[in-house]
Number of protein chains: 2
Amino acid sequence: MQAKNEDRRLPGDPEQYYAAHVFVCCNRRPDGHKRGSCAAAGSEALRDYMKARAKELGLPRVRVNMAGCLDRCEFGPAMVIYPEGIWYKIATKADVDEILETHLRHGGRVERLLLTARDIPPGKG
Amino acid sequence: MQAKNEDRRLPGDPEQYYAAHVFVCCNRRPDGHKRGSCAAAGSEALRDYMKARAKELGLPRVRVNMAGCLDRCEFGPAMVIYPEGIWYKIATKADVDEILETHLRHGGRVERLLLTARDIPPGKG
């Protein structure tokens with residue numbers, strides 16, 4: 001079984017440095033690679049947009065980072081928000097706007113964009 | 001105040017996809033930049049080593065990723081392990097080995113390498 005958050009914190013741990021730490025996969029594979037890649041699907045521009053909009057909105061203690069391959073390529077462009085560990089597939093700026101507003105501002109979930117436990121790359125389940 | 005993990009999970013959230021998701025800052029600034037950078041301090045080789053060793057050790061559901069600037073440059077090379085949100089400064093392969101063994105294998109903390117809530121870049125507190 002996968003660990004839940006509460007399994008891994010210990011008494012005395014420092015509080016979370018960021019309230020929400022977002023990682024957008026910006027890995028790029030060569031054109032034609034069978035797994036594709038998030039950057040080839042446009043993730044870099046979406047990450048830049050998300051970072052800029054988070055700043056404009058003044059969301060406190062939110063950090064938007066690029067990351068290397070998160071290994072859910074087939075379901076990307078993929079991003080994850082920690083500590084809650086919620087994954088989304090983002091395809092458009094409108095998707096990013098909805099995550100910023102619903103998840104990062106209000107603590108909700110954008111159900112239509114969620115990756116689920118079933119979204120596992122072939123051969124890795 | 002900073003959010004704790006348990007503040008941000010909702011009933012019905014999928015379980016964590018990775019048991020431990022490690023992000024090593026691999027941002028590189030030009031030589032002589034006043035903030036320095038983690039890559040200039042050797043983080044890329046440490047990330048490569050950590051990824052390879054985690055695989056060799058067969059640690060289940062552990063992912064080691066590179067990341068862009070985590071914005072704790074002055075205290076780096078910086079890395080963070082989610083969902084628990086524990087930050088470390090890594091300088092040597094021995095540091096990485098200790099984190100792999102103590103934290104990632106056994107769920108403990110490497111106290112001597114921890115970043116604390118006080119490790120905030122100048123002007124950002």
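Some notes on this structure:
- Each helix, a run of at least 4 DSSP H residues, gives -39500 (n - 2.57); summed and divided by the residues of chain A, these come to -5500 deg cm²/dmol at 222 nm.
- The count of lysine pairs in the protein assembly as shown whose Cα atoms are under 19 Å apart, excluding pairs fewer than 8 places apart on the same chain, comes to 17.
- Karplus-derived 3J(HN,Hα) values for the stretch B:30-36, using 6.51 cos²θ - 1.76 cosθ + 1.60 with θ = phi - 60°, are x, 3, x, 4, 5, 8, x Hz; glycine and proline are entered as x.
- Distances, shortest first, from the label point of A:Arg29 to those at the same position in the other copies read 3.5 nm; the point lies 7 Å along Cα to C-beta.
- Each residue of the stretch B:108-114 was assigned a 3J(HN,Hα) from its phi angle through the Karplus expression (A = 6.51, B = -1.76, C = 1.60, θ = phi - 60°), giving x, 10, 9, 4, 5, 10, 5 Hz with x at Gly and Pro.
- Going from the chain on its own to the full set of protein chains, the stretch B:11-31 has these residues losing 40 Å² or more of accessible surface (heavy atoms, 1.4 Å probe, no ligands, DNA or RNA): B:Pro14, B:Glu15, B:Gln16, B:Tyr17, B:Tyr18, B:Ala19, B:His21, B:Phe23.
- Accessible area in square angstrom per residue, chain B, 1.4 angstrom probe: 47
- Principal axis extents of the Cα atoms in chain B, from largest to smallest and rounded to whole angstrom, are 47, 38, 24.
- Size of the B/A contact, given as accessible area buried on both chains, probe 1.4 Å, in Å²: 4200
- Disulfide-incompatible cysteines by the Cβ rule (no partner under 4.7 Å) in the protein assembly as shown: A:Cys26, A:Cys69, A:Cys73, B:Cys26, B:Cys69, B:Cys73
- Inter-probe distance in nm under a simple model that places probes 7 Å from Cα toward Cβ, at B:Asp7 and A:Glu74: 3.8
- FRET efficiency estimate (nearest 0.05) - Cβ-Cβ, B:Leu114 to B:Ala45, R0 30 angstrom: 0.85
The values are calculated or read from the model by the stated rules, or taken from the named source; none is laboratory data. Note that the structure is predicted; figures quoted are calculated from it, not measured. Reconstructed Cβ throughout: ideal geometry from the backbone, glycine too, with neighbour counts over all protein chains shown. The area values use the complete protein model at the heavy-atom level, side chains included, leaving out ligands, DNA and RNA. Shrake-Rupley method; radii C 1.70, N 1.55, O 1.52, S 1.80 Å.
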